[in-house]
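**Q** The structure that follows is given in the form of structure tokens.
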Amino acid sequence: MTGKLILDAVGGISDRYIMEFVDVTQKKRINWKPAALAACLCLALTAVLLWSNGTRRGTTPTIAYEDVIWGENIEDMEASNYGDVKPGHICISEGLQNAFDRSNDARDVFAIRVIELTGASEEQVYEEFIKDLGVYEEYLSRGMIFATQEQVREILVSDRFAIVFELASKPSDTTPVGADYVFPSGCKIYGNLVDKLAEATDDELLPVVIRIRDNVDLATVEELAMERAGVSAEDLLFYENQTRILSDAENLVFQRDVVMPAYDRIRHERVTILGEYYQQLNEGFLVNTGLSDAQYESVSTLLPCILGIRLTKGQIYQLASDPQVSWMDYYEDSAAEDLGG
Amino acid sequence: MDDNAIIELFFERSENAIVELSAKYGLICIRTAENITFNKEDAQECVNDAYLGVWNAIPPARPKPLLSYVLRIVRNVSINRVQHNNALKRRSGYQECLDELEAELTSSETPETVYDAKLLSGYIEEFLDGLSRTDRLLFVRRYWYLDSFGELAAATGLRQGTVRTRLTRLRQRLKQHLFNQGVHV
């Protein structure tokens, strides 16, 4: 056997080994003597601090905004088409991934906007997902968490939610936004809109985002999409097993000819089913609430959501008592502002 | 731009596909090629050839992950270039690694056997799975990426001498592992 054959065989190892070490950051060698001295000093200092101030356990953690990585331009924060994020999955936006890629320090903390796509309320997301993450968060006030890359990689989500992580933009001011207001109907008006309502005249039209409640069962949608696509759960299991058995070359062909087309068909059906459902829901909402003639930016086909609808204060308060409305917020078209619009 | 979007550009036969691929993975491709060829100009040419290879392969291929697919092509093209250069007696990282493996793992006493490279790859993967992360890093970065000892020392925080020693032990362990699988080296 020749060394060349072995080197060729190493060349044929699985992608997972290649990807595992594709980016090895340079480590500095530790000089243990000063490190040990520093550790001793730290221990002594900590002991003195604990002795003089009592235990610090139980204090609320805070984060310095200037030490956090924020989205700097519109592309960083641009929301892509997240319609096909499945429950139980977390999608990292391109902007956030790029920020991860640009980072050279594993200790970098990123400001991450959390978007939930199944329509669960923020309180549910907070109670069942955010609260136990073990990262600093301002989810209920700003919709954000703060985490390192490693922390993000370790985050798992239950089948209850479909999550998108985006790189968040730094709030224009670092003081807390106006308090959110929750109506007896359960509809929440976000602080930003509360502030605008306080300043607006009675006949002024405010651009608003309306999130409508829906009772879509994504598991049923998935089943229907698979049925329409002609793909069974057994088929998916079979695909998964095949990818373990096949060689890399065979796997590429199998992925291209069998797996990808099957998933494409399911995705197409899922988007069609949800699109039809949300379109019907959103348009039905506009008709039922007598807002068909109102000016609006867009009616989403990916979410139960109407964007940029222009309403008076009276109309907003009326909608807030409608149990169909989950929440409302002031609509800021950041893309238009960026283009001078 | 994410990998899927780049692949879509290849499917559309848009020349931006190469531009985006180069923007995203150009540096690591160049570095991998340089590790093998020991020559900047050769490395650049190899990477360009690899891009052409990717252009010809996608479509129909839809590789996932894209990076390892491109790196494999870069590696293969670069090794071919080195083999061509060897005829001209030019030294390369590939030749260095080859010498190491020849010295440690091959024996003139055993009859020459034709082994299936795929089978061997499987045995090497088993061997890698049994290693600590640092040892696996050393092995993969040395014999797949063909990193120098200096680069490995920088990546692991070990001294160069320690890196050499650990790699020697790893080659001996690989030899034993292959022997246990019935592969006589």
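**Q** Does region A:98-123 hold any residues that are surrounded by 15 or more Cβ atoms within 10 Å (Cβ to Cβ), out of contact with any Lys or Arg (no Cβ under 8 Å at 6 or more places or on another chain) and in a helix (DSSP H, G or I), and which are they?
**A** A:ASN98, A:ALA99, A:PHE100
**Q** Related question: So A:PRO304 passes all but one of these: (1) in contact with a strand residue (DSSP E or B) (Cβ under 8 Å, 6 or more places away or on another chain); (2) more than 21 Å from A:ALA219 (Cβ to Cβ). Which condition number does it fail?
**A** Only one criterion in (1) in contact with a strand residue (DSSP E or B) (Cβ under 8 Å, 6 or more places away or on another chain); (2) more than 21 Å from A:ALA219 (Cβ to Cβ) is unmet by A:PRO304, namely (2).
**Q** Would you confirm, using the coordinates I've provided, whether A:VAL157 is at pLDDT 85 or above, in a loop (DSSP other than H, G, I, E, B), within 21 Å of A:GLN124 (Cα to Cα) and of a type in the set (Val, Ile, Thr)?
**A** yes
**Q** For region A:178-191: of the residues being surrounded by 17 or more Cβ atoms within 10 Å (Cβ to Cβ) and either farther than 16 Å from A:GLN318 by Cβ or not assigned by TED's automatic domain parsing to the domain that holds A:SER326 (or both), which is modelled with the lowest pLDDT?
**A** So, considering only residues that are surrounded by 17 or more Cβ atoms within 10 Å (Cβ to Cβ) and either farther than 16 Å from A:GLN318 by Cβ or not assigned by TED's automatic domain parsing to the domain that holds A:SER326 (or both), the one modelled with the lowest pLDDT is A:ASP180.
**Q** Determine if region A:134-152 includes at least one residue that is at pLDDT 85 or above, part of a loop (DSSP other than H, G, I, E, B), over 30 Å from A:TYR317 (Cα atoms) and not β-branched (Val, Ile, Thr).
**A** No, region A:134-152 contains no residue that is at pLDDT 85 or above, part of a loop (DSSP other than H, G, I, E, B), over 30 Å from A:TYR317 (Cα atoms) and not β-branched (Val, Ile, Thr).
**Q** Return the residue satisfying two criteria in turn: it lies in region B:174-185 and is more than 20 Å from the chain's Cα centre (by Cα) and more than 9 Å from chain A (Cβ to nearest Cβ), and of such residues it is nearest to A:ASN104 (Cα to Cα).
**A** Here the answer is B:HIS177.
**Q** A further question on this structure: Which pairs have Cβ atoms under 9 Å, sit 6 or more apart or on different chains, and link a residue in region A:261-276 that is assigned to a helix (DSSP H, G or I) to one that is of a type in the set (Phe, Trp, Tyr)?
**A** Matching pairs, first to second residue: A:ALA262/A:TYR239; A:TYR263/A:TYR239.
**Q** Right, next: Going by the structure shown, is A:SER169 hydroxyl-bearing (Ser, Thr, Tyr), farther than 28 Å from A:TYR65 by Cα and surrounded by fewer than 20 Cβ atoms within 10 Å (Cβ to Cβ)?
**A** In short, no.
**Q** When residues of region B:139-178 are filtered for being part of a helix (DSSP H, G or I), of a type in the set (S, T, N, Q) and surrounded by 16 or more Cβ atoms within 10 Å (Cβ to Cβ), how many remain?
**A** Qualifying residue count, region B:139-178: 1.
**Q** Here are some residues: A:GLY230, A:GLY290. Which one is more than 14 Å from chain B (Cβ to nearest Cβ) and without any contact (Cβ under 8 Å) to a residue 12 or more places away in the chain?
**A** A:GLY290
**Q** Output the number of residues of region B:7-17 satisfying the condition of being closer than 14 Å to B:PRO60 by Cα and either surrounded by 13 or more Cβ atoms within 10 Å (Cβ to Cβ) or touching a helix residue (DSSP H, G or I) at 6+ places or on another chain (Cβ under 9 Å) (or both).
**A** Count: 6.
**Q** In region A:1-37, which residue that is outside any loop (DSSP other than H, G, I, E, B), more than 7 Å from every other protein chain (Cβ to nearest Cβ) and more than 19 Å from A:ASP101 (Cα to Cα) is modelled with the highest pLDDT?
**A** A:ALA36
**Q** While we're here: What number of residues within region B:154-173 are touching a helix residue (DSSP H, G or I) at 6+ places or on another chain (Cβ under 7 Å) and either at positive phi or at the interface with chain A (Cβ under 8 Å from one of its Cβ atoms) (or both)?
**A** So the answer is 3.
**Q** Here's another thing I want to ask about it. Where residues in region A:67-96 are at pLDDT below 65 and among the small types (Gly, Ala, Ser), which of them is nearest to A:ASP159 (Cα to Cα)?
**A** So the residue we want is A:GLY83.
The values are calculated or read from the model by the stated rules, or taken from the named source; none is laboratory data. All figures in this text were calculated on a predicted structure; none of them were measured in a lab. Reconstructed Cβ throughout: ideal geometry from the backbone, glycine too, with neighbour counts over all protein chains shown.
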